[in-house]
Amino acid sequence: MKKNLKHIFIAFIAALVLYSCSPADSNYPGSEYMPDMAHSVAQEANAYNYYYYNTWDSASTIRLKELAYPGLPVEGTVPRGYAGVYFAADKGETASEAIEQLRGFGDINNIAVPVNGHVPYHYGDTEEERTRATEEIIANPFPITAAGLARGKELYDIFCGICHGPKGGGLGYLVSDENPNVKYPAAPANFLLDQFVTSSNGRYYHGIMYGKNVMGSYKDKISYEERWQVIHYIRSLQAKDKKLEYSEQANTLNPEFGVPGSQVQPLAESVSDQEAEPEAAPAEEGANPEPGSTPEETTHGGDSHGKK
């Protein structure tokens, strides 16, 4: 009898626990007993806000919401493909030469390494740091190439042209008469003005990194190399307006702003079989007799058929 009562009591408790969980209705999942048993506490990818099953987050040592956002690499990390750039100066090489070598140029045995990732920028988001960047960052680390200018134009049209205009004159669609709903709070910079033409590349790079006035930052939208290719393209627009040249062949705008790709000395040069001069065959011992000596003396070192 006692055994039956025990079984009845256990069945009653189990039924009570199950009944306490309210049933699901439409989009409401209902109450669950020990939800962690059914739902993983792992971070939900692509979920930037708190959601129903994040209720335990307040007791966690790590805010799960913050894990969904991209973070910066560990301090001192060198991006993949840029290690040689940091040590190029020690060997008397330019950054562009080191990057070309990393990409597999200059030697048939080189392995191309993808150049990407985060590159540290040692300037803060202040006016003092903007001035310092403008004064210190002059040259573009990438040579002027046709492919780079084409890529720069593509990125400029996507991210810059809508404000600064297709020609760089500050008359993009957001502020032009073509837009009937134009309500832009401030006029974009006119890159064709002398103050922008003569400005160093640091002014542009710092602006891309942190923005300026109502312009936001674009450092999370275009990569390190892409930023410099956009600057190359802006320089080409300035040169075109000034009836000058800024291309892979020549830079008459300002030699300090960029080195034409045709003027970059490769780390190594390849020579075809037709161009290579045939090397002279190594001279055999005694092939060139000394003046006054006979062939026998030359061949046998003064011993003619073993006779001295």
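The values are calculated or read from the model by the stated rules, or taken from the named source; none is laboratory data. Since this is a predicted model, take the numbers as computed values, not measurements. Reconstructed Cβ throughout: ideal geometry from the backbone, glycine too, with neighbour counts over all protein chains shown.
Only one of the listed residues (SER199, SER236) is in contact (Cβ under 8 Å) with a residue 40 or more places away in the chain, more than 30 Å from GLY71 (Cα to Cα) and in contact with a Leu (Cβ under 7 Å, 6 or more places away or on another chain). That residue is SER236. In this entry, TYR224 is excluded by the filter for residues that are in contact with a helix residue (DSSP H, G or I) (Cβ under 8 Å, 6 or more places away or on another chain) and modelled with pLDDT under 95.
In the set (1) of a type in the set (A, V, I, L, M); (2) surrounded by fewer than 17 Cβ atoms within 10 Å (Cβ to Cβ); (3) in a loop (DSSP other than H, G, I, E, B), the condition left unmet by LEU192 is number (2).
Is it the case, given these coordinates, that THR131 is of a type outside the set (Phe, Trp, Tyr), within 18 Å of ASN254 (Cα to Cα) and in the same structural domain as TYR233 (by TED's automatic domain parsing)? Against the criterion (of a type outside the set (Phe, Trp, Tyr), within 18 Å of ASN254 (Cα to Cα) and in the same structural domain as TYR233 (by TED's automatic domain parsing)), THR131 does not qualify. Does PRO141 fit the bill of being within 17 Å of the chain's Cα centre (by Cα) and either surrounded by fewer than 14 Cβ atoms within 10 Å (Cβ to Cβ) or assigned to a loop (DSSP other than H, G, I, E, B) (or both)? The answer is yes for PRO141. If you check ARG235, ARG203 for being closer than 21 Å to ILE158 by Cβ and surrounded by 15 or more Cβ atoms within 10 Å (Cβ to Cβ), only one passes: ARG235. Of all residues in the stretch 154-180, which are buried (at least 19 other Cβ atoms within 10 Å of the Cβ) and in contact (Cβ under 8 Å) with a residue 40 or more places away in the chain? Correct list: LEU155, TYR156, CYS160, CYS163, GLY168.
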